[in-house]
Every structure is written in structure tokens, then in C-alpha cells.
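The values are calculated or read from the model by the stated rules, or taken from the named source; none is laboratory data. Values in this document were obtained by computation on a predicted structure and should not be read as measured data. Every residue, glycine among them, receives a Cβ derived from its backbone with ideal geometry; neighbour counts consider all protein chains shown.
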Amino acid sequence: MNNILIIDDDKMFCRSLQLQLETHGIMSTTKNTGEEGFLALLEENPAIVFLDYHLPDITGLDFLRRAKEREIKTPIVLVTGREDMDIVIEAMKLNAFDYLRKPINLEDILILIEKAKMKSVEKKEVVENIKKTEVEDYRIIGKSRGITETLKQIGLVSVNRVPVLIIGESGTGKELVARAIHRAMDKSKPFIAINASAIPSTLIEAELFGAEKGSYTGAEKTRIGKLEQAEDGVVFLDEISEIPLEFQVKLLRVLQEKEFERIGSHKKIPLKARIVAASNKDLKKLVEEGKFREDLYYRLSVAEIKIPPLRERTEDIPILVNYFLNKHKNLRLYPVKGITSKALKLLESYDFPGNVRQLENIIIRAIINCKTEYIDESDIRKELNVSATIPEKVMPLREVEKNYIKFVLNYTDWNITRTSKILEIAPNTLRKKIADYELKKPEKGENL
């Protein structure tokens, strides 16, 4: 590893740090002005620079600004005795590797040196720089067998106008599939998306069918419903499982008779739009539980498309990462150029309960927080909150899930609503897992 460069006008501080580093086998060079330090940076190519903010000739921010203008990639840590929020923010904007406050701890110095060393090694292991790729809204990304099958199904259903039911976990891209069907049919026609879970049950009929002026309290003018607005385009009903049972009967009748009426009117309006519905829940199970009408289910699922979760198509992760890096590269003034092989492997080993949406959010945060031009393992690990250590006992996934559910249940005092929100699963799913794992609430006084 190359020498460490210390730039500080305090000669005693420089010598003290130099001696402490030598006890760990680390050699360093010291400079006492910004100009001397910058010349050493150019000539010696140090592994890392520890830069004091207060220098006789220039400030640490001036030094960082000059390094950025010269596109110098050496990690530079700004050191200062001041507690100044603006300095910290400006330093990070100027691509400082990190920021330390005096008095500094040798352990912090050694950790930063190790991080710089790791980044130096990982830069050589970069799988590839960001490949230029066309970024467009609502594009389905991937080449796996699962996603290829989804694309084939989109092509097959686009040649007719029967209702389509899209099944997939949260974050898999159900609206992307709906929009792909719309584009394959005729993208010049309207596409109207409706999230059923976001509309109060008392308003869903007016939202879809429309309402005449004065037909209900607050109806001050005639309201055109979404089915009418869509004309002969596509209406996408997301979270179809959340539609109230009493309205399911009315929706079924519309699908059967191909016509509907605005609230407060007897005039029949023909249904011209194609209905595409989606759910992240098992509708067949809801039918068995009496929470979703069987006849409506069969009407909606004349054609059915299942989207595989990301954990079943991990070969698409590198492609998706590259796409998201291109899509969000302008989030930083100093663009990210790529991702290291270790970081990519960490992503490929993760099961992504939030699927593609979660992967995109992780990449966005990694771009924002990354301190160099490459996203590395530490950036991804921080976003995934994954421990770098291997557990003492390796257990089956089922056992890990059981123990974690039990832990969260005890943490919330067996509050099903709070527990399901923390675990990001439906309450009914949680109850099923409690039964499957035979979990029981501990008696008072019993150890958890």
C-alpha cells in the first residue's frame, strides 16, 4: 500500500500521528501547507490523505475543490477542530472521503485507512462500468426465463380485449405489465390506473362509474367516471382484492353486461375500455375465505399473467442495477461510474422481499451516499443492513423466519397489526405463519 499523506500546519500533531502509524507498520509523509500538500498528492499518489481544514495558505475546502477540478480520485479525509455543519456538507459535496473532528482517535484513522485500501482493491475488481442503456418510463427490464415468459404472455393477451389478471408480489412491477399490455394494443388510447386500496369504499362507485349532479351529498356537478374517461383504452384496477364485497357485485354486472350507469342516472353507458386487474394477494384463497366473489374472480382472470419475484430471477439483478445506475446517475454532481463485484454479489445473495422496487431504492440511496466513483460492498451492506459477520450457528431459512416472527411478536406484545406492519406482510399472512409455526403467546412471567 502507498504511503499516507498528512497535511496539517501543526508539526507536533503530524509527528505524533506519524509515530503512532509506524507502530502499526504504516508509513506516512507530512506536509504543513496546502500547496506543499497538493504537490505531494500529485507526485506521490498516496493511498489516502488526512487534510486539516485550517492551513496557512488555503482552507481544506479549497484543497478539495482543486482536487475535484483535477478529477483526483485519491480518498481525502477532512480533519477539523470546528463543529460546523456547513463545512461538513460542503466537504461531502466536494467528494471528501470522510470527515473527522479533532481530537481524533487513532482507531478511526486505522479504520479509514483500511476502507481506502479495500476501495483500492475493489476498483480493480469492478465487474463493469455503467453501460449506456436507453432509459424510458415503464420499461420491463430482464432476460431471465421468468421475465421472458411474462413478456410472451403480454404479447399473447395484447391481440384481444378480454380482462387480464396480473398476479405478483409487491414491487414486482404489476403496473409495468399493465402498461406494456396497453402499449402493445394501442398506446395512443387512454391508460387510467386506479388503486382500489386508496379509494374509500363509499366513493369507489362514483370514482369508477361517475355521478350526476346532486346524486349524493357533495355532488355539486356531474362527475365523469374512470370507465367512461378511458374510452376504448385500458383501465388498470390495482389491488383489486381491496374492493368491498358489496361493490364486487356491481363490478361483476358491468363486466357481464358491458355497460354501466352513473350514480343518479338510468342512462346506460357502454363499457369500451379493457379491464386489467392486479393483486399481490392469493385471490383463490380469498375466494375460499369468502372475502372475494368467485364469479368475479373468474371474470377477471380470463387471461392471467404471473410475475416472478426478484429472488427467482437473480440473473436479472446486474441488468437492473445497470439500468437504475443510468436512470439515477444525475442525482449526484459527481457521477457514479459502476459497482464492484463484491457489491453485486451481495445484491445477488439478497432475497429482496420488496422486489424490484426495493432494489431501485437501494441503488438510489447508494448513489447518494457513495463517497467514490464506484459503489462498493460497504455502501450496499449499509443499505441492506446486513451484518458482515457469519452467524455462529447456520440455521434453515424456515427456522430463521420462525425465530424472527416470534421475536417481533414478543416485541409488540403480540399486537398483530403492529407486527404485520413491521414485517410488511398482511395480518392474515401473519396469522397463518403463527399457526404453521405453532407459535403461542407466552404466559405472564414466562421468559420470552
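Checking the structure you have, find out if any residue of region 60-71 is part of a loop (DSSP other than H, G, I, E, B) and under 34 Å from the mean Cα position of the chain (by Cα).
yes
Right, LYS327: touching a residue at least 60 places away in the same chain (Cβ under 8 Å) and under 21 Å from ILE375 (Cβ atoms) or not?
It is true that LYS327 is touching a residue at least 60 places away in the same chain (Cβ under 8 Å) and under 21 Å from ILE375 (Cβ atoms).
Among the basic types (Lys, Arg), under 28 Å from ILE224 (Cα atoms) and not in a loop (DSSP other than H, G, I, E, B): does that describe ARG299?
yes
Can you tell me which residues in region 351-363 are over 13 Å from ARG313 (Cβ atoms) and either outside any loop (DSSP other than H, G, I, E, B) or not small (Gly, Ala, Ser) (or both)?
Selection gives PRO353, ARG357, GLN358, GLU360, ASN361, ILE362, ILE363.
Could you please find all residues in region 1-57 being assigned to a loop (DSSP other than H, G, I, E, B) and acidic (Asp, Glu)?
Once the filter is applied, which keeps residues that are assigned to a loop (DSSP other than H, G, I, E, B) and acidic (Asp, Glu), region 1-57 yields ASP8, ASP9, ASP10, ASP57.
Assuming ILE375 fulfils every condition listed in (1) surrounded by fewer than 17 Cβ atoms within 10 Å (Cβ to Cβ); (2) under 17 Å from LYS73 (Cβ atoms) apart from one, which condition is it?
Just one mismatch for ILE375, condition (1).
Would you please name the residue that is modelled with the lowest pLDDT, looking only at residues in region 403-436 that are outside any helix (DSSP H, G or I) and loosely packed, with under 13 Cβ neighbours inside 10 Å?
Among them, the one singled out is GLU424.
Could you grab me the full set of residues in region 25-69 that are surrounded by 19 or more Cβ atoms within 10 Å (Cβ to Cβ) and more than 22 Å from ASP108 (Cβ to Cβ)?
The answer is GLY34, PHE38, ALA40.
So which residues in region 98-155 are at pLDDT 85 or above and of a type in the set (Gly, Ala, Ser), if there are any at all?
GLY142, SER144, GLY146, GLY155
Given the condition within 30 Å of LEU320 (Cα to Cα), outside the structural domain of ALA184 (by TED's automatic domain parsing) and at pLDDT 90 or above, answer yes or no: does some residue in region 37-48 qualify?
No: zero hits.
If I filter region 147-194 down to residues being loosely packed, with under 14 Cβ neighbours inside 10 Å and under 20 Å from GLN229 (Cα atoms), which single residue comes out as nearest to the chain's Cα centre (by Cα)?
That would be LYS187.
Give TYR298, TYR334 a once-over and let me know the one that is aromatic (Phe, Trp, Tyr) and more than 30 Å from GLU377 (Cα to Cα).
TYR298
Each row is one residue, and each column tells you yes or no for (1) closer than 27 Å to LYS281 by Cβ; (2) within 37 Å of the chain's Cα centre (by Cα); (3) small (Gly, Ala, Ser).
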{"residue": "THR222", "(1), (2), (3)": "no, no, no"}
{"residue": "GLY233", "(1), (2), (3)": "yes, yes, yes"}
{"residue": "PHE236", "(1), (2), (3)": "yes, yes, no"}
{"residue": "GLU239", "(1), (2), (3)": "yes, yes, no"}
{"residue": "ILE243", "(1), (2), (3)": "yes, yes, no"}
{"residue": "GLN256", "(1), (2), (3)": "yes, no, no"}
{"residue": "GLU259", "(1), (2), (3)": "no, no, no"}
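Out of all the residues in region 76-97, is one or more in a helix (DSSP H, G or I), touching a strand residue (DSSP E or B) at 6+ places or on another chain (Cβ under 9 Å) and farther than 26 Å from ASP379 by Cβ?
Looking through region 76-97, none of the residues is in a helix (DSSP H, G or I), touching a strand residue (DSSP E or B) at 6+ places or on another chain (Cβ under 9 Å) and farther than 26 Å from ASP379 by Cβ.
Can you find even one residue in region 380-402 that is modelled with pLDDT of 75 or more, more than 30 Å from ARG332 (Cα to Cα) and either under 23 Å from the mean Cα position of the chain (by Cα) or surrounded by 14 or more Cβ atoms within 10 Å (Cβ to Cβ) (or both)?
So far as region 380-402 goes, yes, one or more of its residues are modelled with pLDDT of 75 or more, more than 30 Å from ARG332 (Cα to Cα) and either under 23 Å from the mean Cα position of the chain (by Cα) or surrounded by 14 or more Cβ atoms within 10 Å (Cβ to Cβ) (or both).
VAL321: out of contact with any Ser or Thr (no Cβ under 9 Å at 6 or more places or on another chain), over 28 Å from PRO163 (Cβ atoms), without any contact (Cβ under 8 Å) to a residue 60 or more places away in the chain and among the hydrophobic types (A, V, I, L, M, F, W, C), yes or no?
yes
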